[in-house]
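The values are calculated or read from the model by the stated rules, or taken from the named source; none is laboratory data. None of the values given here were measured: they were computed from a predicted structure. Note that we place each Cβ from the backbone using ideal geometry, even for glycine, and neighbour counts take in every protein chain shown. The area values use the complete protein model at the heavy-atom level, side chains included, leaving out ligands, DNA and RNA. Shrake-Rupley method; radii C 1.70, N 1.55, O 1.52, S 1.80 Å.
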Amino acid sequence: ADVSSTVNAQGGTGLGYDAGMTVTLPWTYHPTLSLVARSFGGMRFNQSLFKRKNTTNTPADESMQLDAAIALFPIHGNKKRSVWTIEASNLNQIQHSENKNNHAHFGYEFNYGDILFLRAGFNQTHWTLGVELNSPKTQIQLATYAENFGFQAYPVVDRRYIFRWAWRF
């Protein structure tokens, strides 16, 4: 791959718009539906703003991407509640995908008194886990997740481990 400044300077500027909507119904568990349109109406890189060099080579047009998610928020008792979420990303490309699970995301969080959070999920065919412990002055989080990179036929899996400590005041 050529990474010269001449190649990197070629292209155009694109201006895109994202639009989203979240609707929560006033029923038990507060069922919630969210929809997002990324690059609403499509995006073309044909603007000359910020162009450093003249070129006729521009990136391919980007089509609109639609995401949808539903969530439930049950309250299990005093100081105990949870969140259930399922999402499908890039709905308009699922039929062309070799692995449909790459578009599926599922998550669960159990919250005990805003002190202890247990999290589990599924993202791009990989499991995710997390735990969070809060006190009035500190917050500790441990988590792991993985993502696919590269070509769909031969993806590279990158698993990440996260430790986060925060001091609050």
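Give the residues of the stretch 73-116 that are surrounded by 12 or more Cβ atoms within 10 Å (Cβ to Cβ) and small (Gly, Ala, Ser), sorted by residue number. Ser82, Ala88, Ser89, Ser97, Ala104, Gly107, listed by residue number.
Identify the single condition in (1) touching a residue at least 40 places away in the same chain (Cβ under 8 Å); (2) surrounded by fewer than 16 Cβ atoms within 10 Å (Cβ to Cβ) that Ile70 does not satisfy, given that it satisfies every other one. Condition (1) is where Ile70 drops out. Note on the stretch 15-30: residues that are modelled with pLDDT of 85 or more, open to solvent by 100 Å² or more (accessible area, probe 1.4 Å) and not polar (S, T, N, Q) total 5. Taking the conditions (1) out of contact with any Leu (no Cβ under 9 Å at 6 or more places or on another chain); (2) at pLDDT below 90; (3) of a type outside the set (Val, Ile, Thr) in turn, Gly12 satisfies each one other than (1). Within the stretch 94-122, residues that are at negative phi and hydrophobic (A, V, I, L, M, F, W, C) have Cβ atoms under 8 Å from residues that are surrounded by 13 or more Cβ atoms within 10 Å (Cβ to Cβ) and part of a helix (DSSP H, G or I) in these pairs: Ile94/His103, counting only partners at least 6 apart in sequence or on another chain.
The set of residues in the stretch 43-71 being of a type in the set (D, E, K, R) and at pLDDT below 75 consists of Lys51, Arg52, Lys53. Within the stretch 31-42, the set of residues being modelled with pLDDT of 95 or more, within 27 Å of Glu62 (Cα to Cα) and either in contact with a His (Cβ under 9 Å, 6 or more places away or on another chain) or not aliphatic (A, V, I, L, M) (or both) comprises Ser34 only.
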